[in-house]
Amino acid sequence: MAMSDAAEMTALRQRFPKLAPLSAAYQALTIFGTNAYLLYLLLRGEGTPSAFALYGVLELIAWSVIANTALMPVPKDLRVGSPDVPLIGRIMTIAAFSAFLGGIAWACVPDREHIDQLLHAPDPFAALGDLHILWPLLASVALAASGSIGDLMRWRGTGGPFVTGTAMAASSKFITAIVAPIAAMMLSDALADTAHKALVWSSAYLAIKCASELLMLGWQSAGMPDRQREAG
């Protein structure tokens with residue numbers, strides 16, 4: 001039997017208390033470190049709009065796969081906030097969203113030829129390396145995987161409802177994958193100079209990415225409310 005909304009909220013409050021200062025500082029440093037590296041690529045002329053957009057989409061896909069994989073050893077009635085969907089349904093959903101987000105990225109970047117090259121590349125990993133996003137992507141995947149393993153270990157030790165923190169943190173990446181390319185395109189579309197357009201596009205994308213991740217960190221740092229405010 002699925003848990004009630006009240007039970008799920010209780011589980012969320014227990015799973016996401018206010019972050020300790022050191023934990024919040026670590027997550028903040030992780031966010032700033034990742035985005036600082038992407039900014040470094042931009043300043044060195046090694047980062048392109050298509051590379052940043054692909055990084056955002058691929059990171060979200062990887063985190064979604066990890067979050068869903070973490071649910072497999074957990075009984076269905078203990079999965080907080082997770083609909084009772086068969087494995088094939090989850091795979092199809094991830095594939096559909098991947099195609100949707102990839103389509104947004106392809107339509108919004110001014111240098112979509114790099115995406116076309118990646119789709120036809122005989123070695124996708126080498127293509128990602130050429131775009132300078134392979135290693136930061138692998139580092140992000142390792143971080144998500146370690147976080148999910150930690151969630152499972154804590155759950156095995158304490159029991160009760162299970163929530164994967166990877167899924168919660170991935171919400172900011174979902175916002176980025178949809179909003180950032182569209183906003184970046186709107187801000188840079190009127191520019192005629194190709195190099196200037198790429199610079200403005202990439203800067204806007206990275207700014208939105210960093211802001212959304214920090215906002216999610218702020219929400220997690222505040223923790224779930226202990227109780228709902230009574231009306232009046």
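Values in this text are rule-based calculations from the coordinates and carry no lab data. None of these values were measured; they are calculated from a predicted model. Here the Cβ is made from the backbone with ideal geometry for all residues, glycine too, and neighbour counts use every protein chain on show.
Each of Asn68, Trp201, Ala139 was placed along the dipole of segment 5-222 (beta-carbon charges, centred on the mean Cα), and the one lying farthest toward the positive end is Asn68. The Rg/Rh ratio for segment 123-188 is 1.14, where Rg is the radius of gyration of the alpha carbons and Rh is the Kirkwood radius. If you average the C-alpha positions of segment 97-117 and of segment 32-71 separately, how far apart do those two centres end up, in angstrom? Cα centres, segment 97-117 to segment 32-71: 14 Å. With only the Cα atoms considered, segment 76-213 has a convex hull volume of 133 Å³ per residue.
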